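The values are calculated or read from the model by the stated rules, or taken from the named source; none is laboratory data. All figures in this text were calculated on a predicted structure; none of them were measured in a lab. Because the Cβ atoms are built from the backbone with ideal geometry, glycine has one as well, and the counts that use them run over all protein chains shown. The area values use the complete protein model at the heavy-atom level, side chains included, leaving out ligands, DNA and RNA. Shrake-Rupley method; radii C 1.70, N 1.55, O 1.52, S 1.80 Å.
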Amino acid sequence: MTIQGGAVSDTSTHSETLRFVGGLLLIMALGLNLRPLLASASPLMEDIRMATGLGYGVLAWLTTLPFLCMGVVALASGRLQRLLGESYGIMLSLAAIGTACALRQVSGTGMTLLSTALLGGAGIALIQALVPGLVKRRFGARMPLVMGLYSASLMSGGGLSAWISPQLAEAGGWQLGVGIWWVPALITLAGWFLIFRRRAAPSADTTAIDGVRPWFLKRAWLLALFFGVINSGYSSVVTWLPVYYQELGWSAVAGGRLLAWMTIFQVLAALIMPALAQRQKNIDRRWLLGASLTAQLVGYLGFIFMPKSLALLWNAIGGFGLGASFSLGLILALDHLPDARAAGRLAAFMQGFGFMLNAMSPWVSGTLREMTGSFITAWAVLAVGIVAMLLVTLRFNPGRYPEAMKQSQGL
């Protein structure tokens, strides 16, 4: 009986390990599909501009529209999850991303690019809104580590597409470069369908957080502002960094490789910083956030003062800061509440308004470029925002989280 009991125990442990690994691989596969729609077009902006006649201000909407969708859909994620179920919501989102990329491959008009930015952006948005709560619920104490791997895969997808798309464009035109990313979306959709065929049970109403709606929480608005500003650099960098270096004499392929180089350090940060957070005995993330924001600041200052001579260094440091900020920002929100559904709702609210701020960043940067003839002013604006958020970081004392989540007064 002891042997049989041990065998049963070993089988149960093995099965649990397989479920953990399988779930983790699916989460990472989801992440890989969330940035090619944005990053694949970045190193090809000049080709797209010449082919479509769109100006810098309009081209910025290729990034702005998806981020706006991320904001709007995140705010409605609770209702969408109750309507669709978690699994169907993710499958529908993958189908939207794949369809958007496929349409770009067959039609290269400006209207197609803008409409697919909306369609694909909606799919990206719903997945991003559902994943944090899903991870906290299914992975429990391993949440920081899994969120780090998810963030790393998300950024890896952006880096791979920025690296590969210009090479595909040289072989088959820019439409192939921006459109081929329907293939991984289809593969991930098939995998998700095979494992989660049944519709998830409708979720309970998660509009309220511990009896208080997030709209009336000062802390929820502060988190949204913080998340939006510390991640605004990503949307501007992924849109304009290759263009900036092309203006400094680099080729489109070299600009794409530079963005891929930056992504390597984003991925490293998304792995290292959440791993450090996992090892913490408490949930005070302030020193990790401070280090991440300082790295971003150094990167922006390098773009401004020494963009050519030490380009790889500034992109490495800035990329590390950007990668760490995204994953730590999500962990910060999830830390505020012990209940997985309530924490997921708070993270969705934070992402909702945060991504709306992100959405304006490429447009502001592109407009500043048209007004001043250089991206220097855009990097300076981002640097000022990071300095302000370094000061805000001091407010995230975990000992005060319970009090902060009970307050219901406006800002």
- prompt: In the stretch 343-351, is there at least one residue being crowded, with 21+ Cβ neighbours inside 10 Å and under 23 Å from L241 (Cα atoms)?
  reply: no
message: Among the residues that make up the stretch 196-217, is at least one of them in a helix (DSSP H, G or I), out of contact with any Phe, Trp or Tyr (no Cβ under 9 Å at 6 or more places or on another chain), among the basic types (K, R) and at pLDDT below 90?
response: no
statement: Per the filter on the stretch 236-292, residues open to solvent by 60 Å² or more (accessible area, probe 1.4 Å) and assigned to a helix (DSSP H, G or I) are E247, R257, W261, I264, L268, L271, I272, L276, Q278, R279, R286, W287
query: over 20 Å from the mean Cα position of the chain (by Cα), in a loop (DSSP other than H, G, I, E, B) and small (G, A, S) - does that describe any residue in the stretch 298-309?
result: yes
- prompt: Which condition number does V106 fail, the rest of (1) at pLDDT 90 or above; (2) open to solvent by less than 20 Å² (accessible area, probe 1.4 Å); (3) of a type outside the set (S, T, Y) being met?
  reply: (2)
message: Cβ-Cβ under 9 Å, sequence separation 6+ or interchain: first residue in the stretch 15-39 and closer than 30 Å to T64 by Cβ and in a helix (DSSP H, G or I), partner modelled with pLDDT of 85 or more and among the basic types (K, R). Which pairs?
response: L37/R104
message: Being open to solvent by less than 10 Å² (accessible area, probe 1.4 Å), among the hydroxyl-bearing types (S, T, Y) and within 26 Å of A340 (Cβ to Cβ) is the filter here; which residues of the stretch 154-189 pass it?
response: none
- line: Note on the stretch 353-371: residues crowded, with 24+ Cβ neighbours inside 10 Å and either touching a Gly at 6+ places or on another chain (Cβ under 7 Å) or not in a helix (DSSP H, G or I) (or both) are G354, F355, N358, A359, G366
query: Residues in the stretch 389-397: is at least one among the basic types (K, R) and out of contact with any Gly (no Cβ under 9 Å at 6 or more places or on another chain)?
result: yes
field: Residues of the stretch 61-104 that turn out to be of a type in the set (D, E, K, R) and in contact with an Asp or Glu (Cβ under 8 Å, 6 or more places away or on another chain), as a count
entry: 1
message: Given the condition farther than 26 Å from P274 by Cα, open to solvent by less than 30 Å² (accessible area, probe 1.4 Å), over 16 Å from the mean Cα position of the chain (by Cα) and touching a residue at least 60 places away in the same chain (Cβ under 8 Å), answer yes or no: does some residue in the stretch 192-199 qualify?
response: no
- prompt: Do we find a residue being closer than 20 Å to A359 by Cα and either part of a helix (DSSP H, G or I) or modelled with pLDDT of 90 or more (or both) anywhere in the stretch 85-94?
  reply: yes
